[in-house]
Amino acid sequence: MNTEKQLQPIDQLAIALMILLALIMGFLIWGNNACDRNCIFHPGARVSAFNWQNKTIGREDRAFVLSFNRPMNHDSVEQNLTITPPLPGKISWSGLRLAYTLKSPAPYGETYQVSLAGATDRFSDQEQAGTTIKPFQGEFRSRDRAFAYIGTQGVEQGKLILFNWTQQQSEILTPDDLTVFDFEPYPQGDRILFSAADTQLGTKGVQNLQLYRVNTGLNAKSANKPQIELILDNQQYQNNKFDLARNGQAIVVQRLNRYNPAEYGLWMIADNQPPQLITDGQIGDFLIAPDSQTVAVAQGEGIALLPLAADAEPLDFLPRFGQVLDFTADGTGAAMIDYNTDNAKLRYTRSLFYVNNQGIQQELLKTDGSIQNCQFDPTATHLYCWLTELQQGQEYIEKPYIAEIDLKTKQAKTLLSLAEYQNSKLSIAPDGLGIIFERSLSNAVIDFESNKSIWLLIPADAQANSLANAEKLPFIGFRPQWLP
Amino acid sequence: MNQLHNAFTLFLSLLVEAMPFLLLGVLLSSSLLFFINEKQLIAQLPKNPFLGAAVGSCVGFLFPVCECGNVPVARRLLLAGVSPAVAISFLLAAPTINPIVIWSTWVAFGDRPSLVIFRVLFSWTIATTVGCVFSIQKDVRFLLQDSFAKRLKPVKSCQPEPAQLISPLLQSGSFIIEQGQSLPLESYWSTTIAKSPTLAFKSKLQPFFDNVIQEFSELGGMLVFGSAIAAIIQVFVPRELVLSLGQDTTTSILAMMLLAAIVSICSTVDSFFALSFAATFTSSSLLAFLVFGPTIDIKSIGLMASIFKPKIIVYMLTLIAQLTFIFTLVYSYFF
């Protein structure tokens, strides 16, 4: 038998193909060794994914993840990773992924560069230094810093005003024929929910509120004009207080039937569905929990936690407390008021409590003045409150002040004291920059909304050894609120 | 003594893992024989080698079994006269391109979708390419083991081949004489009985079980042999030694391919096995493990040896290994 007869077509083709593939393999291996770090076909280590690349982040974004295509030398990555401007945080590893968790929300209105060069890979049992990573450059930005308020002067009167701090631009969001009474921004800051009435109704407007939504154009890729959308009319019911869930998908409204005053209750509007009655019991102040699933309602002699569902039955009842002031961002803690009604000696005093989901109820302060409102800072390490203290003397005088309470030490510190009684609601910047609040114009005796200006209070930085600094902003209006 | 104990444990675990799939494959193969008309099946398949291989690679969607289960099915397809392009591409692709394996890969590597996508894509391309290569061989018997090729003959004669080429008198095997015509036994079952609704279901069941037992005992023996070899190699070449070979892009691909061949793990669960190396190996080497493992491993080589000649298995193994290496190395440039 000769060789030709032995070799079948399959032998010829298979052998030829094996030789060809072996040549290709040889070429690729040679290319691998010859290719330097900046080669297009870089066979070495690289960042395969960066989850914040070109993303606009907000207060809820607290960690980014860099994924590598191979095991890396952790120390070399940690030493070579740079963020400009710097963002303090800590690094953790899970397999080929590095997570960088920010210590506090990234300051708004900035563009951040993440770069990694010079890090090396590391295989198991490898003794010599690994190959160097392909240089990586990533970028993300934080949302524009902005706040909204209700104007009181000139063309701004009764209108919702947006001030984009980053771009130093002011914009009127609502039309002339609407007078805005209250508002609540959506979680991304792209829209605002507000209650408003026809301007011609004047003071009667408060009984004829309708709920609207307006887009802010904030952080949008293209500029767009504010567009108003009616969310809830006032045909059959009078709409009072409202609250927007943190996920932006549910609205809770306190409503009264115009034709049957006995029908009074809490309603829910979810995903643009018709309103559903949650409870028609005797209810007071209410606040939606951060989980966007439950609402804390002052009911009778305590606080009922109701699910956001039609005809809800209470999930829990906190008999000790009379009002929920704020929840921490993660929903694990809350600030509540105990009116001390069960103790005759403490009558006419109020206690501020920190309550958490571990069952801890800690008294932060007791006052014979009043606790107007409180808000946690973004990292839930401090609680800021608008409080009043009762002046000693014959006359009943309450002096307001802003307090900062350290939740670790339970120490309260007065940041700002005001001479005359006035009401205000604090709003803490989502990135923790400062607190904005309304304050009566100087020497004003009566606390009218029309004579209020907006102030910024920057709390003292213990590390920088600075003092709290309050400054008046060039805006006349009330209800200032930072956008998330 | 300890090593012997380890080898026995590994041997048993491989068998326990693979036996149900083999049984499932044998049941499927027997169902093909008795409940599907082979002539129609062959008529439906494309004649073009590339199209045949491409279709064969996707047949796994209908038979979601792992590599030990699809050997009996591939054998049956070859016996039925299906072209080697279809049968070989099915044999190589079905362990990966089937819903269970794609789903399990997704569960394990959902955070790296490229691994899931390229596992399917590379397996399909390799299976189709190798299928096409083997379609060049017109005389299929040259590819097959002699004992298996003998069984092929009678079935082949049922196909519309020129009668003068093979005399009916020279055929071997069992025949049934009906209406003056002699028909090979296997062909008789597949053509006559499968088409006859008048015959009781029970009468089909007996030969079905006979075939299941025959195939299972034959392939089961090969599986026991393959598993024993795989277990012994794993004991004498520990995984740690193989893994330590991977020190850069190229060697880690080779190390994971070698590991895939040695551990002989079924394709339905190999993603979870590979997941344990996700933190210590490159994505491309994990992909090499996921592509190479289901097509070639020591355990399934034993089963494949019941069909193909050793030389053909060497061709197959070499081509698959080379293609896997090239594809995954190119993948490493981009991911």
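So the values come out like this:
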| read-out | value |
| --- | --- |
| Failed item in (1) modelled with pLDDT under 90; (2) within 30 Å of A:Ala106 (Cβ to Cβ), with A:Ile402 passing the rest | (1) |
| Residue ID - farthest from the chain's Cα centre (by Cα), chosen from residues in the stretch B:208-246 that are within 14 Å of chain A (Cβ to nearest Cβ), of a type in the set (A, V, I, L, M) and part of a helix (DSSP H, G or I) | B:Leu241 |
| Residues within the stretch A:377-400 that are outside any loop (DSSP other than H, G, I, E, B) and over 25 Å from the mean Cα position of the chain (by Cα), tallied | 6 |
| Matching strands (runs of 3 or more DSSP E) fully within the stretch A:262-310 where at least 2 residues are among the polar types (S, T, N, Q) and over 21 Å from the mean Cα position of the chain (by Cα) | A:276-279 |
| Filtered residues of the stretch B:115-136 (kept if more than 10 Å from every other protein chain (Cβ to nearest Cβ), over 14 Å from B:Phe289 (Cα atoms) and polar (S, T, N, Q)) | B:Thr125, B:Thr128 |
| Any chance A:Pro314 is at pLDDT 90 or above, assigned to a loop (DSSP other than H, G, I, E, B) and touching a strand residue (DSSP E or B) at 6+ places or on another chain (Cβ under 7 Å) | no |
| Residue in the stretch B:247-261 that is part of a loop (DSSP other than H, G, I, E, B), facing chain A (nearest Cβ under 8 Å) and modelled with pLDDT of 80 or more present | no |
| Single residue of the stretch A:56-96 satisfying the filter (assigned to a loop (DSSP other than H, G, I, E, B) and of a type in the set (Lys, Arg)) that is nearest to A:Gly138 (Cα to Cα) | A:Arg62 |
| Test: residue in the stretch B:59-79 that is surrounded by fewer than 21 Cβ atoms within 10 Å (Cβ to Cβ), among the aliphatic types (A, V, I, L, M) and at pLDDT 80 or above | no |
| Residues of the stretch A:199-233 classified as farther than 19 Å from A:Pro275 by Cα and surrounded by 14 or more Cβ atoms within 10 Å (Cβ to Cβ), total | 11 |
| Test: B:Asp139 is of a type outside the set (Lys, Arg) and within 12 Å of chain A (Cβ to nearest Cβ) | yes |
| Of all residues making up the stretch A:1-36, the number that are surrounded by 11 or more Cβ atoms within 10 Å (Cβ to Cβ), at pLDDT below 85 and more than 7 Å from chain B (Cβ to nearest Cβ) | 3 |
| Evaluation of B:Lys156 against (1) within 14 Å of chain A (Cβ to nearest Cβ); (2) at pLDDT below 80 (one fails), failing number | (1) |
| Extreme residue, surrounded by the most Cβ atoms within 10 Å (Cβ to Cβ), among residues of the stretch A:179-198 that are more than 23 Å from A:Leu473 (Cβ to Cβ) and of a type in the set (A, V, I, L, M, F, W, C) | A:Ala196 |
| Leading residue by the ranking (nearest to A:Ile251 (Cα to Cα)) among those in the stretch A:166-198 that are of a type in the set (Gly, Ala, Ser) and outside any loop (DSSP other than H, G, I, E, B) | A:Ser195 |
| Matching residues in the stretch B:319-335 - criterion: being facing chain A (nearest Cβ under 7 Å), part of a helix (DSSP H, G or I) and over 14 Å from B:Ile88 (Cβ atoms) | B:Gln322, B:Phe325, B:Ile326, B:Leu329, B:Ser332, B:Tyr333 |
| Filter result (touching a Gly at 6+ places or on another chain (Cβ under 9 Å), in contact (Cβ under 8 Å) with a residue 40 or more places away in the chain, surrounded by 24 or more Cβ atoms within 10 Å (Cβ to Cβ) and within 14 Å of chain A (Cβ to nearest Cβ)) within the stretch B:274-312 | B:Ala274, B:Thr282, B:Ser285 |
| Any hit, the stretch A:162-178, residues being crowded, with 21+ Cβ neighbours inside 10 Å and within 27 Å of A:His74 (Cα to Cα) | no |
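The values are calculated or read from the model by the stated rules, or taken from the named source; none is laboratory data. Since the structure is predicted, the reported quantities are computational estimates derived from the model, not experimental observations. Cβ coordinates were reconstructed from backbone atoms using ideal geometry, including for glycine residues, and neighbour counts include every protein chain displayed.
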